[in-house]
Amino acid sequence: FKKNGPKSGEEFREDVLIPLIKKLSPKETIHIVLDGAYGYAISFLEEAFGGLVRKLGKQEVLNKLEFECNDEPDLINQILKYINEAEKK
């Protein structure tokens, strides 16, 4: 969360993802490349992407975001898991 320090999943969701999604035309998507990082905290991924589902809905998130990760392909599956789990909350 933002209260826990800079560069949180909440900050990424609120300050980057949501504003970008709101600017998209109906057929545009955001392509998120996850390569080149030293890793992602579970809490960051869940709050960024699971939190996005709680704000915008699962279908909107899946329609607007595309993921790429050649360094660690299973990371995309983890993100999709957080997206699916967030829908159930």
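Brief remarks follow.
- Scanning region 1-18 for residues that are out of contact with any helix residue (DSSP H, G or I) (no Cβ under 7 Å at 6 or more places or on another chain) and open to solvent by 50 Å² or more (accessible area, probe 1.4 Å) yields LYS3, ASN4, PRO6, LYS7, GLU14, ASP15, VAL16.
- LYS22 meets the conditions (1) surrounded by fewer than 13 Cβ atoms within 10 Å (Cβ to Cβ); (2) part of a loop (DSSP other than H, G, I, E, B) in every case but one. The failed one is (2).
- Sole residue being without any contact (Cβ under 8 Å) to a residue 24 or more places away in the chain and of a type in the set (A, V, I, L, M), chosen from LEU56, LEU75, LEU20: LEU20
- Condition check for LEU80 on (1) in contact (Cβ under 8 Å) with a residue 24 or more places away in the chain; (2) under 11 Å from the mean Cα position of the chain (by Cα): one failure, at (1).
- Hey, GLU85 touching an Asp or Glu at 6+ places or on another chain (Cβ under 7 Å) and either surrounded by 12 or more Cβ atoms within 10 Å (Cβ to Cβ) or assigned to a loop (DSSP other than H, G, I, E, B) (or both) or not: no
- Of the residues making up region 23-36, not one is without any contact (Cβ under 8 Å) to a residue 24 or more places away in the chain and closer than 17 Å to CYS69 by Cα.
The values are calculated or read from the model by the stated rules, or taken from the named source; none is laboratory data. Everything numeric in this text was worked out from a predicted model, so none of it was measured. Using ideal geometry, Cβ is built from the backbone for each residue, glycine included, and neighbour counts are taken over all protein chains shown. In case anyone asks, the SASA skips ligands and DNA or RNA and just uses the protein heavy atoms, side chains included. Shrake-Rupley method; radii C 1.70, N 1.55, O 1.52, S 1.80 Å.
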